[in-house]
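Below is one structure, written out as structure tokens; comments come after it.
The values are calculated or read from the model by the stated rules, or taken from the named source; none is laboratory data. Computed from a prediction, not measured in an experiment: that's the story for all the values here. Cβ: placed from backbone, ideal geometry, glycine included. Neighbour counts: every protein chain shown.
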Amino acid sequence: MPWEKRERGGFYYTRTKKVNGKVVREYVGGGILGELAARLDALERNQQKEEAAAWKEEREQMEALEAPVEELCEAAETLAKAALVADGYHQHKRGEWRKRRGKQDS
Amino acid sequence: MENKTHEIDEHETVTPARRRELLDELRGCIEQAQDGDKEARSKVREVLKEALRLARTLIDLADTAERSVIKRISDDPLVQEEVLPSQLRAMREELAGPEPSPLEKLLAERIVACWLQLQYADTVYAQNLDKMNMVQSEYHQRRLDRLQRRYLSSIKMLAQIRKVGPAVQINIAEKQVNTAS
């Protein structure tokens, strides 16, 4: 909880963050100062959330745009390989395509 | 090996599910044929007989992909409907060459689709470079690398098919596979 109750009464606004992997609590203040800091932090969190949502949407749009081309590539590659194999070629060590030696079936 | 090949009806369309099924079947047969299995090689030829219908759906797929990217590139109807499509058509024709086989046409189609996607991704990256954080920049760079690899591999395959010459054809116009050397 960012608002910590003090023994003397009243509340104190705190921020928790990670510094070099360790959780560190920063004591900001009470009263108006704490209130302002809390509002600023809430605004920043909202902005981060909005940015994250926009980035997610952008990524999804890019991926949706890429998907049919990816499918086309895989299919065309398979058909081309199939044509080569049907004609008696084989791929040498995932590289060059070579004609198979010896008797070919028709 | 079970033979799942059906009678060919060139007017019947291949559903996406059937397309995936055919391609999976082909991939399996290719792998076996690569290991020297002659029966698998005959099966590859059998499955290739469905190439006419398959190629048609793939061209549709390329067309859909092209239109989606063009829409993102420009809002101008003239660019969307005339300028870019005619540039891409010219590029496709140049790549496919005179009297291309259906396979060459398909591979040229693939190169153009990959090229367009790469150009678009490159432009988006360049335009937003100053607004991106580290994560976004890395994502775009990885995407560009992937699209670049895909583009180069598409060129390589067309070159490979050209290299082996006219013997390798999926002669879908006559609904047969011509593998004569």
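Given the condition polar (S, T, N, Q), in a loop (DSSP other than H, G, I, E, B) and within 14 Å of another protein chain (Cβ to nearest Cβ), answer yes or no: does some residue in the range A:13-24 qualify? No, the conditions are met nowhere in the range A:13-24. Would you be able to tell me the number of residues in the range A:1-59 that are of a type in the set (Phe, Trp, Tyr), more than 30 Å from the chain's Cα centre (by Cα) and surrounded by 12 or more Cβ atoms within 10 Å (Cβ to Cβ)? Selection size over the range A:1-59: 4. Scanning the range B:23-45 for residues that are more than 7 Å from every other protein chain (Cβ to nearest Cβ), surrounded by 11 or more Cβ atoms within 10 Å (Cβ to Cβ) and at pLDDT below 85 yields B:Gly36, B:Asp37.
Quick grid of which residues meet (1) touching a residue at least 24 places away in the same chain (Cβ under 8 Å); (2) aromatic (Phe, Trp, Tyr); (3) assigned to a helix (DSSP H, G or I); (4) facing another protein chain (nearest Cβ under 7 Å):
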site: A:Arg45; (1), (2), (3), (4): no, no, yes, no
site: A:Lys49; (1), (2), (3), (4): no, no, yes, no
site: A:Ala53; (1), (2), (3), (4): no, no, yes, no
site: A:Ala67; (1), (2), (3), (4): no, no, yes, no
site: A:Leu72; (1), (2), (3), (4): no, no, yes, yes
site: A:Ala75; (1), (2), (3), (4): no, no, yes, yes
site: A:His90; (1), (2), (3), (4): no, no, no, yes
site: A:Arg98; (1), (2), (3), (4): no, no, no, no
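Just checking, does the range B:122-145 include any residue being surrounded by fewer than 15 Cβ atoms within 10 Å (Cβ to Cβ), more than 19 Å from A:Leu79 (Cα to Cα) and in contact (Cβ under 8 Å) with a residue 24 or more places away in the chain? Yes - at least one qualifying residue is present in the range B:122-145. Residues in the range B:96-121 that are over 16 Å from B:Ser68 (Cα atoms) and surrounded by 14 or more Cβ atoms within 10 Å (Cβ to Cβ): B:Ala96, B:Pro100, B:Ser101, B:Pro102, B:Leu103, B:Glu104, B:Lys105, B:Leu106, B:Leu107, B:Ala108, B:Ile111.
Residue check: is A:Lys81 of a type in the set (Lys, Arg), loosely packed, with under 15 Cβ neighbours inside 10 Å, facing another protein chain (nearest Cβ under 9 Å) and under 26 Å from B:Leu103 (Cα atoms)? The answer is no for A:Lys81.
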